[in-house]
Amino acid sequence: EFSFGKIVVNGIIYKNDIKIVDGQVISEWWRRSGHRVEVEDISDILKVEPEVVVIGKGSPGLLKSTASLKDYLAANHIELIEKKTSKAIDVFNRLFQQGRKVGAGFHISC
């Protein structure tokens, strides 16, 4: 469940951005550059060698992945899916239920 400023995962309410790493929620996801996602901002996701990384860009979609992150993922054959958070959650849930090795970062505001 998601609404501006709130995301619910397995019945637990989070009021900060989150990451999902190897099926576990990491609360209070902070990025070095605010609305830009760099490689180091998802290093814990990358350590578990996902097939797919899903980035929820917020309600209006202001969060962006940097060119260096996109290049890193491409070079390591990791698919990147970036969507507004409401759609990104749907994609993550579908991939996770399919048994894909997927990690995610969800921005829950702008």
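Per residue, what accessible area does the stretch 1-73 have, given a 1.4 Å probe and all protein chains present, in Å²?
Details: 3940 Å² over 73 residues.
For the stretch 1-73, the solvent-accessible area averages 54 Å² per residue.
When the solvent-accessible area of the chain is split by element, carbon and sulfur atoms take up 49 percent of it, the probe being 1.4 Å.
Please report the antiparallel percentage of the DSSP beta bridges confined to the chain, to the nearest 5. Don't skip to the end; give the middle numbers.
Working: 12 of 25 bridges.
That works out to approximately 50 percent antiparallel.
Qualifying GluC sites (Glu not before Pro) in the stretch 14-81, where qualification requires a DSSP coil assignment and no more than 15 other C-beta atoms within 10 Å, comprise E28, E38, E51. For the stretch 1-52, the equivalent ellipsoid derived from the alpha-carbon gyration tensor has semi-axes of 20, 15, 8 Å in decreasing order. Would you mind classifying the stretch 65-110 by shape? Square roots of the alpha carbon gyration tensor eigenvalues, ordered a ≥ b ≥ c; an a/c under 1.5 is rounded, otherwise it is prolate if a/b is larger than b/c and oblate if not. Oblate is the answer for the stretch 65-110, as a/c is 1.5 or above yet b/c matches or exceeds a/b. Computed over the chain, the per-residue total of -39500 (n - 2.57) for DSSP H runs of n ≥ 4 gives a 222 nm mean residue ellipticity of -7000 deg cm²/dmol, rounded to 500.
The values are calculated or read from the model by the stated rules, or taken from the named source; none is laboratory data. What you see is a predicted model; the values in this text were computed from it and never measured. Methodologically, a virtual Cβ is constructed for each residue, glycine included, from the backbone with ideal geometry; neighbour enumeration extends over all protein chains shown. To get the accessible areas, we keep the full protein, side chains included, count just its heavy atoms, and leave off ligands, DNA and RNA. Shrake-Rupley method; radii C 1.70, N 1.55, O 1.52, S 1.80 Å.
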